[in-house]
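The values are calculated or read from the model by the stated rules, or taken from the named source; none is laboratory data. Note that this is a predicted model, so its numbers are computed, not measured. No Cβ is skipped: glycine too gets one built from the backbone with ideal geometry, and neighbour counts run over all protein chains shown.
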Amino acid sequence: MSRYSKKHSRKYQLWNFSRAYRSWFVPYVNSKIHPKQFRPYLSFLYTDLNCNLNCHYCYSRGKDIQGMTLGTAKDAVNWLKSTGCRVLAYMGGEPLLRKNFIIELTRYAVDNGFFVYLPTNGILMDEAFIDAIGKAGVSVINLAVDCIDRHQGIPKYLNRIKPQFEYLIQQQKKYNFITFFNINITQHNVKDVKALTEIAHAYGIATDYHINEPPPIEYRDYKHLYEGAWITPAEFRAIDALVDWLIEKNLEGYVMVNSVEHLREMKPFIRGVLDPWPCQAGKMSMVIRLDGSFAPCFELYGSDEDWGSIYEGPKFDPDRLSKIKQRCTPTCLSTCNFQVCHYTSSFLFTFQWLAKHAYSSVLGTS
């Protein structure tokens, strides 16, 4: 690497560390200073439930649902800002079904001091969008890819979006955003998970892993309950070996969103013997639905319970949440909420998270 490249990489790392510090660590400290106030650390904004794909493991409620209006989205940003939250993660569906909406909302959120996280399957990305979202100030682009080439019921594969991926990597240091792979571990893709991990490491980007989970509640429009590639006892040995391999790579310095603790819990989770864990949904993290109403987490998006809204305030009653979590956490291993729980358990872990996501060379990243 040339002296100029090293200097540019260091500037890129410091920029992302500084941005993460302002958007993650400062709100975290304020939440500790004001423990009786509702100060979410991380917010998930559902902009669309519609999608351009039909992944069999996805139990989103389907097509032809009107997405969030720009007015509601900006109202959500304003409300979150008033609570001290500075992290906005888009959710779907596929957010890029409305590219101009996402660009304008990102620009508005960034102007208001937000760290903006954009997940996408990448298929609708093109060079013009990558440049536009980069100029708007996006912080993270999370590419959902589960395999190298297509498997039945799993249409998110890397070779389908290779040109977009290559351009994304070329532009990330120009616009100071971070790219990483989001990988769902299913019955069918153990070898692909390893291959994608090595590809990500070769490109110097992070990875994020989920264990494929069946829907926790009944969704009337979900049609793939018996073909969602859920992990069965027949796959336990292969998944165990994969988890051990991922832990080994994590300890070697491969940059992963998942903590080693989260990876370890995948083994009891797939066997149905996961112990309840101290999920912070509805306290440190939250979901904002299409209409501006609240839910504690993704898994309870379809719940009929009233959790409040951006227009009337939150109704996250701690006792009610505690009772629900005693029932739901043994059957849920949410990567996002587990990491919020893990990395906000101490100042040390929070700084570790900041360093990882800024690609700190101290952690062995290239």
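A few remarks follow.
- Within segment 49-105, the set of residues being over 25 Å from residue 160 (Cα atoms), part of a helix (DSSP H, G or I) and either under 19 Å from the mean Cα position of the chain (by Cα) or of a type in the set (S, T, N, Q) (or both) comprises 72, 73, 76, 77, 78, 80, 82, 83, 105.
- Residue in segment 299-317 that is outside any helix (DSSP H, G or I), surrounded by fewer than 19 Cβ atoms within 10 Å (Cβ to Cβ) and polar (S, T, N, Q) present: yes
- Residue in segment 109-119 that is over 19 Å from the mean Cα position of the chain (by Cα), surrounded by fewer than 17 Cβ atoms within 10 Å (Cβ to Cβ) and part of a loop (DSSP other than H, G, I, E, B) present: yes
- Boolean, residue 169 is touching a helix residue (DSSP H, G or I) at 6+ places or on another chain (Cβ under 9 Å), buried (at least 19 other Cβ atoms within 10 Å of the Cβ) and under 29 Å from residue 86 (Cα atoms): no
- Qualifying residue in segment 228-243 (condition: exposed (fewer than 14 other Cβ atoms within 10 Å of the Cβ), at pLDDT below 90 and either more than 25 Å from residue 72 (Cβ to Cβ) or among the hydrophobic types (A, V, I, L, M, F, W, C) (or both)): yes
The rows are residues; the columns are (1) within 30 Å of residue 212 (Cα to Cα); (2) buried (at least 19 other Cβ atoms within 10 Å of the Cβ); (3) among the charged types (D, E, K, R).
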position	(1), (2), (3)
68	yes, yes, no
73	yes, yes, no
82	no, no, no
96	yes, yes, no
128	no, no, no
131	no, no, yes
138	yes, yes, no
152	yes, no, no
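- Filtered residues of segment 253-291 (kept if modelled with pLDDT under 95, closer than 24 Å to residue 203 by Cβ and outside any loop (DSSP other than H, G, I, E, B)): 256, 260, 262
- Considering the conditions (1) under 14 Å from residue 41 (Cα atoms); (2) assigned to a helix (DSSP H, G or I); (3) at pLDDT 90 or above, residue 354 is excluded by exactly one of them, (3).
- Exclusive hit being outside any strand (DSSP E or B), under 26 Å from residue 253 (Cα atoms), among the β-branched types (Val, Ile, Thr) and touching a residue at least 12 places away in the same chain (Cβ under 8 Å), set 169, 141, 161, 130: 169
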